[in-house]
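Any read-out appearing in this document is the output of simple, stated calculations on the displayed coordinates, not a laboratory observation. Please read all numbers here as calculations on a predicted model, not as lab measurements. Positions of Cβ are generated from backbone atoms using ideal geometry, with glycine treated the same way; all protein chains shown enter the neighbour counts.
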């Protein structure tokens, strides 16, 4: 073959190859452009169990976070041992996650971080008009391994406790966590005080230290302690971003707190008509209105910012449904965070809706015990939110109960319920 023929054959081959490549390119590019770009973050399924924590000055405050995808979208729950709290506001756009606790004016905002798949962000809570608490948040998928491998048996039981910032006694109750078979050495419990309990606490033992923590949307609690050879506990308690105090505990299975019905006293006759507060629509009402007159009343002081008051709302709602037709009227007096009626009444409405409280709620003032004492001068003083006042049909104060033992206290909660029902039965039996 001549050089000219070889050159023409080579040129023909290259031309064909170029033509084929050009055709393929012209076809493939549009096809490629028609394929949607997949956002791996947006496609990520957050469903499952997460180990979450908030960064406090005493160390990580740990709690459980459960995310569930259903037809209505993503739902979220906080867990503290046996306690499960549904988070009312959940937003997930594929990149940003927001978990809102509207009844506490708090929220978690987080994003998926890098290849680790961890959630990282910030928890914020608005305490007043301008004051805001902030803590770093992170969560990783639960690996189903126990975080507390040490034996918890020596720590379990009932303790007489003294906190450094209070002269009043407290009781610590610690028991094995039976709610999670994956953490056989987990510990749950709470502290009972004269003003209420310290929520569901969950944790366990690592090394020679017991750790218990709680996050319920507003409270951020961390307890750490060690035992000496005699079994005495010495520890620290951190609350929120920076509050700290020390505490000690001595095992005492028979210890009891003062009777909640004996701490706060009522003095003299009460002019119920002079006690006037706005309802949630701003209409001024007295506690001697025709709707209240001639009935036995359970008047309780509360704040929507107070988790113990949320426990009380559920229980007092049960009492209203149980005894309302027989002549009991529950009335709630709210002492709120801001002093701005528009803001405070909105928070009380959220509180009312959350607990389906089908009884009147009035906005009585700001969240200050001295102010509450002046608002209700027949009490020697207001010691706690909540405080419950039992009044007979004639308007005579028969009992005042200070604080509230929530479900975390178990036996104390049941005993408290029996005491209230017994006293209400007595009031309703009187003509």
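Annotations
- Exposure proxy ranking, count of Cβ atoms within 10 Å, fewest first, for 287, 97: 97, 287
- Shape of region 121-242, Cα gyration tensor, a/c cut at 1.5: oblate
- Taking 0.36 nm per residue of separation and subtracting the current Cα-Cα distance, fully stretching the chain between residue 109 and residue 274 would add 54.8 nm.
- Helix 341-355 axis versus longest C-alpha principal axis of the chain: approximately 80°, rounded to the nearest ten.
- By the Stokes-Einstein formula, at 1.002 mPa s and 20 °C, region 376-426 with its Kirkwood radius over alpha-carbon pairs has D equal to 176 µm²/s.
- Residue exposure proxy: 292, 404, ordered by other Cβ atoms within 10 angstrom of their Cβ from fewest to most, comes out as 292, 404.
- Taking a quarter of the surface of the Cα convex hull of the chain gives a mean projected area of 32.1 nm².
- The packing ranking, built from the mean of other Cβ atoms within 10 Å per residue, places the peptides 247-255, 156-164 in the order 156-164, 247-255, highest first.
- Distance in nm between pseudo-label sites at residue 321 and residue 381 (7 Å out along the Cβ direction from Cα): 3.8
- Region 37-113 and region 370-431 have Cα centres separated by 37 Å.
- Fully extended contour minus Cα-Cα distance, from residue 234 to residue 72, at 0.36 nm per residue: 53.6 nm
- Angle between the chain longest axis and helix 307-323 axis [Cα atoms, degrees, rounded to 10]: 60
- Compared with the rule-of-thumb size 2.2 N^0.38 Å for a compact globular protein, region 260-429 has a Cα radius of gyration ratio of 0.95.
- Tensor-based shape of region 39-186 (alpha-carbon gyration tensor, a/c under 1.5 rounded, otherwise prolate or oblate): oblate
- Cα gyration tensor shape for region 225-282, rounded if a/c is under 1.5, else prolate or oblate: oblate
- Result for the chain in a Gaussian network model with C-alpha springs under 10 Å: among 115, 153, 256, the largest mean-square fluctuation is at 115.
- The C-alpha atoms of the chain define a longest principal axis, and helix 3-34 lies at about 20 degrees to it.
- Label separation (residue 95 vs residue 265): 6.5 nm, computed from points 7 Å beyond Cα along the C-beta direction.
- FRET E, pair residue 243, residue 145, Förster distance 35 Å, beta-carbon r, rounded to 0.05: 0.65
- Exposure proxy order (Cβ contacts within 10 Å, fewest to most) of 118, 325: 325, 118
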